[in-house]
Ligand SMILES: Cc1cc2nc3c(=O)[nH]c(=O)nc-3n(C[C@H](O)[C@H](O)[C@H](O)COP(=O)(O)OP(=O)(O)OC[C@H]3O[C@@H](n4cnc5c(N)ncnc54)[C@H](O)[C@@H]3O)c2cc1C
């Protein structure tokens with residue numbers, strides 16, 4: 001039996017962030033990851049790391065934060081169009097050397113590689129090919145089936161979490177009917193950062209909504225599909241329709257194509273009855289990706305989980321108080337994030353006539369009113385003040 005202060009189930013971005021933040025508090029941490037070290041997951045997945053997330057990681061490892069800022073890119077600006085006409089446009093100031101940018105865009109694979117490196121440098125033990133299959137909470141410890149024991153277990157094992165099932169909680173929520181197609185195109189890793197472009201009713205996409213967002217080395221394209229669309233046909237060959245939707249000169253090298261429907265779900269509770277297990281990231285909640293709440297709220301969970309574990313171990317407060325506070329604060333944040341994602345989704349899908357009418361009226365008014373254009377620019381991502389005070393997540 002191997003002993004640690006903290007076990008982390010799952011070596012995705014949230015598990016690695018939690019492990020790093022616990023190690024920074026002087027705790028002995030082991031990450032148990034089901035996959036092999038060499039496993040490669042397809043696609044860019046989460047590409048937008050908010051400055052608040054970089055700032056949280058900086059408290060554990062300032063070099064990591066600097067590397068993430070340098071390795072990712074900050075968009076040149078934001079550009080919103082309605083049926084071919086600009087309704088809002090703004091630029092980001094060029095980030096000053098040595099400062100934390102408002103956000104950094106890189107593929108989730110690159111983020112995970114940097115987090116792994118930081119974990120190893122901080123002395124975190126990474127156990128590959130070690131799936132957590134069972135969880136037993138005893139009076140003085142928590143034990144997982146793979147022969148590991150600790151004072152606490154952070155369950156960051158993703159949407160199909162074994163830890164969540166083992167502690168008897170479940171995700172409750174909905175899934176949208178509408179499908180989105182997401183395509184990654186390769187882009188010049190050294191090229192200047194382009195704009196994030198949201199195009200309502202893009203004429204070259206049959207008046208569907210299209211989002212394009214650059215990240216280091218690639219360009220993400222999101223196409224909002226109609227219920228009648230042939231998803232299999234559209235995903236089979238994106239080069240047949242994508243060229244008019246991206247800036248001229250973008251290489252037509254597709255590196256990933258996928259389609260998804262949005263889940264909006266939050267676990268009944270984020271902790272176990274014995275107050276030794278804490279769920280974080282997608283083990284605890286699923287949100288529609290517009291607004292980038294999945295990864296960023298997961299890092300906020302990781303921060304709060306590391307604080308709770310450290311408080312419980314040092315006796316700053318009792319273990320039960322620390323874990324219960326985690327549940328209260330992070331579940332409330334998850335519910336606010338879910339509601340914010342639901343608002344974003346409502347605006348994107350525009351399924352009711354009054355929403356569509358307001359958007360159309362705003363597109364006309366945006367000719368004369370920057371504030372109205374800014375509203376159109378903002379609404380596909382939901383309200384910004386969704387999370388706990390001091391953090392947008
Ligand atoms: C196609 C796609 C596109 C996305 N786009 C965006 C986006 O644009 N913006 C955004 O914010 N988010 C996006 N997301 C969501 C984002 O990727 C997640 O929020 C993020 O990955 C959650 O991290 P996590 O660590 O909680 O879970 P995961 O990344 O799922 O990591 C869980 C880890 O646990 C491991 N594991 C699973 N079961 C076990 C077990 N029993 N024992 C041990 N280990 C286990 C898995 O192998 C994995 O490494 C996207 C996700 C996908 C799939």
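Readers should treat all values here as calculations from the given coordinates under stated rules, not as data from a laboratory. From a predicted model like this one, the values you see are computed outputs, not experimental measurements. Note that we place each Cβ from the backbone using ideal geometry, even for glycine, and neighbour counts take in every protein chain shown.
Numerical summary
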| item | result |
| --- | --- |
| Helical contribution to [θ] at 222 nm, DSSP H n ≥ 4, -39,500 (n - 2.57), averaged over the chain, rounded to 500 | -10500 deg cm²/dmol |
| Of 333, 18, 190, the one that fluctuates the most in a GNM where the chain has Cα springs shorter than 10 Å | 190 |
| Relative contact order (percent, whole number), the chain, Cα cutoff 8 Å, 6+ residue spacing | 20 |
| Cβ-Cβ FRET estimate between residue 317 and residue 354, R0 fixed at 51 Å, reported to 0.05 | 0.60 |
| Footprinting exposure proxy for 37, 321 (fewest neighbouring C-beta atoms within 10 Å first) | 37, 321 |
| Burial ordering of 327, 229, 352, fewest other beta-carbon atoms within 10 Å first | 352, 229, 327 |
| Choice from 290, 215, 368 showing the highest fluctuation, given a GNM over the chain with Cα pairs closer than 10 Å | 368 |
| Extended-chain gain in nm, criterion 0.36 nm per residue less alpha-carbon gap, residue 91 and residue 204 | 38.2 nm |
| Fully extended contour minus Cα-Cα distance, from residue 240 to residue 188, at 0.36 nm per residue | 16.6 nm |
| Least to most buried among 105, 22, 97 (fewest other Cβ within 10 Å first) | 97, 105, 22 |
| Part-to-part distance (alpha-carbon centres) for the stretch 309-326 and the stretch 1-64, which is given in Å | 21 |
| Percent antiparallel among DSSP beta bridges (both partners in the chain, rounded to 5) | 70 |
| When the chain is reduced to its Cα atoms, the Kirkwood hydrodynamic radius in Å | 21.8 |
| P(r) histogram, all alpha-carbon pairs of the stretch 176-261 included - 10 Å bins from 0, percent | 17, 55, 25, 3 |
| Label zone at residue 178 (point 7 Å along Cα-to-Cβ), backbone N below 14 Å, the stretch 226-261 | 226-229, 260-261 |
| Relative contact order computed over the stretch 48-150 (Cα-Cα under 8 Å; 6+ residues apart), in percent | 24 |
| Once the Cα gyration tensor of the stretch 72-218 is diagonalised, semi-axes √(5λ) in Å | 41, 23, 13 |
